[in-house]
Amino acid sequence: MNIGTFIKATGIWYRNEINTIKKKADVPLQPVFEAFMNAWEAILDRFSKEYFKNGSIKIKVYYLQNLFSKENDGHDFEKIVISDNGVGLEYNSYQRLINLRDDTKKHSNLGTGRIQYLHFFDHTTINSIYKEGDQYKKRKVTLSKNESFLRENAIMRLDEDDNSAEAELQTDVTFEIPLEDKDREFYSLLTVKELKEEIIKHFLSLFCEYRAQLPKIHISIFEDKELKEEDDIISTDIPNPDKEEELSIDYSTLNEKNKIVSAGHQEKFQLTAFKRPSSEIKQNAIYLVSKGATGVAIDVDSLQKKDEIDGNRYMFLLSGDYLDASDRDDRGNIRLVSRQEFKHQNEDSLFKEEVVLFDDIVDETNKNINRLYTELDSKNQEKNKTIDELQQMFLLNPVTVNKVRKRIKNTDSEETILKAIYQADSEIEAKKDDAIRQQMEELKSITPDKTEDYQARLKEKVDELITAIPLQNRTVLSKYVARRKLVLDLFDEILNKELESLKDGKRIDEKLLHNLLFQQSSTSETPEDSDLWIINEEFIYFKGVSEAKFEDIEYNGKKIFDKEFSEEDKRYLNSLGEKRLSKRPDVLLFPEENKAIIIEFKAPDVNVSEHLTQIDFYASILLNYTIEELQLTTFYGYLIGEDIEDRDVRGRVSRYEYSSKFNYWFRPSEKVINFNNGPEGNIYSEVIKYSTLLERAKFRNQIFIDKLIKGDTK
């Protein structure tokens, strides 16, 4: 073959073919890893494992100074060279290089790794001295996917093929001119330390296997041909495995009912565990290893990525022939099939495939990890505690929770856990909905004139329907009740000063409790988003306002004090330096025509009895000065606080009575005087403690909770 000849493809069109093998963009060192692995295998082919330590791999990075080198110590990337003393580009190696997808090489190669060279660099040169018989020869080839190559339907050009004056085996792979700016920037910032760490991490499984026969691996960086830094990878750089274990995982297939079952035989895998200080392991992970290279990462179920136990993190390498055979064109991208994919791909097939499922690999690996490291079981206990707390907090269906508990990982956030439970719940609800639909259809078919046992069948179907409908509504009801439980828990924490903001002895402000029950300064046609149900269940259905000035309050779109006042009314409303229409009742509700509910909150450390007449005063303003069409005459007043002394209440307003059974004070009816000769009004009043309201509301809500739990256990 003539020198400078393009090696043209036969039977394929490179312009299309190379695009089927994707660039491994998330691994910028992928071409270096490919070249390193080829060098390793070339040394193994020459020396065998016994004498492997006679091998040598050198990685040299070359930089050029630029205009700003002196100011910011920057430089430009020139090239990177990976050298080895393996068998070189001899006949068999050369033929495999020529033929894309030639998988005749040992070491489970697919013959496509060189495409990563093309995706990252404009030019890759392979300069090799090899031996043919007793004669040393040299070959030089250039690989590229630029237009000058592709228009010849080639990705390789033979530049030199001759006898060699040198009598030492050596192959240099040189990468030049990164195709993308981000890769150029990455390579221009490489340090020896970073390159060393990445190579050890990527080939850790391989290095552990060959620790005693490790070849000489030297890394160096040059700037304008001058050596700047260097280091070696030696056996002491390779961490010792903490534990090693062989795993056996079942092959799976589909039976005649398209159900996934064991195929009756197993595949062996090797699990290598590293327990190291967190400074040495960046994250807890399981790495699938193929052909000695670290590839896909799997979460450790028992640990978050950054979790530490006694200052240590955990890294696991899972390797085996099955993973090697499952590797794809971009080395390290292992293709495994999930249960769902496998069933979908094979359910209509006449010949049932047998595979080791990805789900089983994940489950079995994590199961063995938890067995090897008992301290990780504490993380399982934490997970179960979190699930139980969420179940109690949100009144989750225990049947659903137990169904998905095993599928929840220790690393899952609370949001992820809730999503999993709600998704499982929704699937159950969908089945219930369909059951109800079917029962309704069956009910239609039962008619008195066509069925002898009409009454018996009707009762049976009605009973089934009555059972199904409450089950269908359980999720909605549980969320409703759970929200109320959370509000009551918060109410309890405020009163007991268990909130973080109150733990330093800070006073409980009235505003805190006011906002819990009904947000201050809010206006609502139907304040159903409030939590006034704590006082009375009916209150959430009434129109009302919170902390609004009398003069600004509207009802049905009209201001309730927007009318002409007499001179005497004007005098009174502004007498003694007060602006009485600027007063702000804490909560004012309008349940129906001619009625109003007035609620006043006091801070827990305020003597409530000093404010017994405040609600009466507000009722008087509303009766006498609102617009005529409102005609408010019936009032209900609630004065709520915590510091309440019985003798103070009944001593200041003698008509108040104490109810020992329900622990509150009430005044059945009091006259509200009309100063303008109109109809007089009346007001019913209660004085009650926050703690009493909380106790009552908890009791009411617990009735729902008990019914939900009882229903779930049936």
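Within the bounds of the range 116-133, is there any residue that is among the hydrophobic types (A, V, I, L, M, F, W, C), closer than 21 Å to L169 by Cα and either modelled with pLDDT of 95 or more or not assigned by TED's automatic domain parsing to the domain that holds D45 (or both)? There is at least one residue in the range 116-133 that is among the hydrophobic types (A, V, I, L, M, F, W, C), closer than 21 Å to L169 by Cα and either modelled with pLDDT of 95 or more or not assigned by TED's automatic domain parsing to the domain that holds D45 (or both). Does I640 satisfy the criteria of being closer than 23 Å to L589 by Cβ and of a type in the set (A, V, I, L, M)? Yes: the conditions hold for I640. Note on the range 597-714: enclosed helices (runs of 4 or more DSSP H) holding 1 or more residues that are out of contact with any helix residue (DSSP H, G or I) (no Cβ under 7 Å at 6 or more places or on another chain), buried (at least 19 other Cβ atoms within 10 Å of the Cβ) and on the phi < 0 side of the Ramachandran plot are 614-625.
Residue-by-condition table, conditions (1) within 21 Å of Y322 (Cβ to Cβ); (2) β-branched (V, I, T); (3) assigned to a helix (DSSP H, G or I); (4) at pLDDT below 90:
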site	(1), (2), (3), (4)
K343	yes, no, yes, yes
K367	yes, no, yes, no
E389	no, no, yes, yes
Q392	no, no, yes, yes
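Candidates K409, K343: the one that is in contact with a Leu (Cβ under 9 Å, 6 or more places away or on another chain), surrounded by 15 or more Cβ atoms within 10 Å (Cβ to Cβ) and either under 30 Å from E246 (Cα atoms) or among the basic types (K, R) (or both) is K343. A single entry from V545, V487 fulfils the requirement of being modelled with pLDDT of 85 or more and under 30 Å from S426 (Cα atoms): V487. Name the residue that is surrounded by the fewest Cβ atoms within 10 Å (Cβ to Cβ), counting only residues in the range 362-379 that are among the acidic types (D, E) and touching a strand residue (DSSP E or B) at 6+ places or on another chain (Cβ under 6 Å). Result: E375.
The set of residues in the range 347-361 being crowded, with 20+ Cβ neighbours inside 10 Å and part of a helix (DSSP H, G or I) consists of F358, D360, I361.
Looking only at the range 384-422, residues that are under 16 Å from the mean Cα position of the chain (by Cα) and closer than 24 Å to I705 by Cβ come to 11 in all.
Considering the range 51-68, the residues that are in contact with a helix residue (DSSP H, G or I) (Cβ under 6 Å, 6 or more places away or on another chain) and surrounded by 18 or more Cβ atoms within 10 Å (Cβ to Cβ) include one that is nearest to L189 (Cα to Cα), namely I57.
Could you tell me how many of the residues in the range 279-303 are of a type outside the set (A, V, I, L, M) and assigned to a strand (DSSP E or B)? Matching residues across the range 279-303 total 4. With a requirement of 2 or more residues that are more than 18 Å from I82 (Cβ to Cβ) and without any contact (Cβ under 8 Å) to a residue 24 or more places away in the chain, the helices (runs of 4 or more DSSP H) lying completely within the range 161-259 that satisfy it span 181-188. Could you check the range 272-299 and list, in sequence order, the residues that are touching a residue at least 24 places away in the same chain (Cβ under 8 Å) and of a type in the set (S, T, N, Q)? Within the range 272-299, T272, S278, Q283, N284, S290, T294 meet the criteria.
The values are calculated or read from the model by the stated rules, or taken from the named source; none is laboratory data. This one's a predicted model, so the numbers in the text were calculated from it and none came from an experiment. Cβ atoms come from the backbone with ideal geometry, glycine included; neighbour counts cover every protein chain shown.
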